[in-house]
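Structure first, commentary second.
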Amino acid sequence: MKAALRIAGVFLLILSFTSISKAAQTMNTQTLNAKQQAMVAIAAFSANGDLEKLKPALNEGLDTGLTINEIKEILVQLYAYAGFPRSLNALETFMAVVKERRAKGVADETGKEPGPLPTDKSSLEFGTDNQTRVVGRPVSGAIFEFAPAIDRFLKAHLFGDIFQRDNLDWQSRELATIAALACISGLNPQLRAHFGIGMNTGLTPAQLEAVVAVLSDRVGAEVGANAGEVLKTVLNARNN
């Protein structure tokens, strides 16, 4: 009888810890709204090339109220981080999803197109301004002296031509970027940088912890654990 009671007690303790863990994860993800959680999942599956999981994530994103153009913008931007092949595959999948939904009579909102780019400055000039704002300081370094072309492309194209497009805000762009980088092995230095950039755009530590929770839940425990460790180093450095 005593042995049975001890086993029952251990079982209840495990259930208790499981409930606490699930409650904590729910609390974490609630710091991101449904649209933002969908953005994280869409970017993650686009970056790791898991098109089977991307398709329901795209449907979920549209169901939460993301517009077609907002999702397209996420997938277009991701080519700068995950490469053209992954971006193109994701766009092909999204095109099929939109077509299927329209055939079923679902009228998804198209959303706004990006406005015109500035005409009083070059892409390099306003891209340099944008990069300085999101990073928090002018960006320089030995790698850019070694390969000046990559410095120009980052400033003029990524932070200029892409980040200047105003149909997706910078916080959303960073959520997508962080999710993508977290799902590609070997990119912890870039992930660390973009956790910091995300906070510079106004994302809170709680929201970034929620990104980690979504990645753990939707992509896998290993991906989430790695992203969590990287975030911890960023937050510790900021606190110190």
message: Give all pairs with beta carbons closer than 9 Å in which a residue from the stretch 48-69 that is of a type in the set (A, V, I, L, M, F, W, C) meets a residue that is loosely packed, with under 15 Cβ neighbours inside 10 Å; count only pairs at least 6 apart in sequence or on separate chains.
response: LEU51/GLU92; LEU62/VAL106; LEU62/GLU109; LEU66/GLU109; ILE68/GLU109; ILE68/THR110
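In the stretch 81-102, which residues are farther than 16 Å from PRO56 by Cα and surrounded by fewer than 19 Cβ atoms within 10 Å (Cβ to Cβ)? Working first, answer last.
Taking the stretch 81-102 and keeping what is farther than 16 Å from PRO56 by Cα, we get 81-88.
The answer is GLY83, PHE84, PRO85, LEU88.
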query: Just for the stretch 196-234: of the residues that are free of Cβ contacts under 8 Å to residues at least 40 places away in the same chain and hydrophobic (A, V, I, L, M, F, W, C), which one is nearest to ASN48 (Cα to Cα)?
result: ALA221
statement: Residue hits (the stretch 110-161; surrounded by 11 or more Cβ atoms within 10 Å (Cβ to Cβ) and under 14 Å from ILE197 (Cβ atoms)) are ASN130, GLN131, THR132, ARG133, VAL134, VAL135, GLY136, VAL139, LEU154, LEU158, PHE159
query: All but one of (1) part of a helix (DSSP H, G or I); (2) over 18 Å from VAL135 (Cβ atoms) hold for ILE184; which doesn't?
result: (1)
message: Looking at the structure I just gave you, is GLY220 among the small types (Gly, Ala, Ser), touching a helix residue (DSSP H, G or I) at 6+ places or on another chain (Cβ under 6 Å) and surrounded by fewer than 17 Cβ atoms within 10 Å (Cβ to Cβ)?
response: no
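No lab work stands behind these numbers, since they all come straight from the coordinates. Predicted model only: the values in this text are computed from it and were never measured. Heads up, the Cβs are rebuilt from the backbone with ideal geometry, glycines too, and the neighbour counts pull from every protein chain shown.
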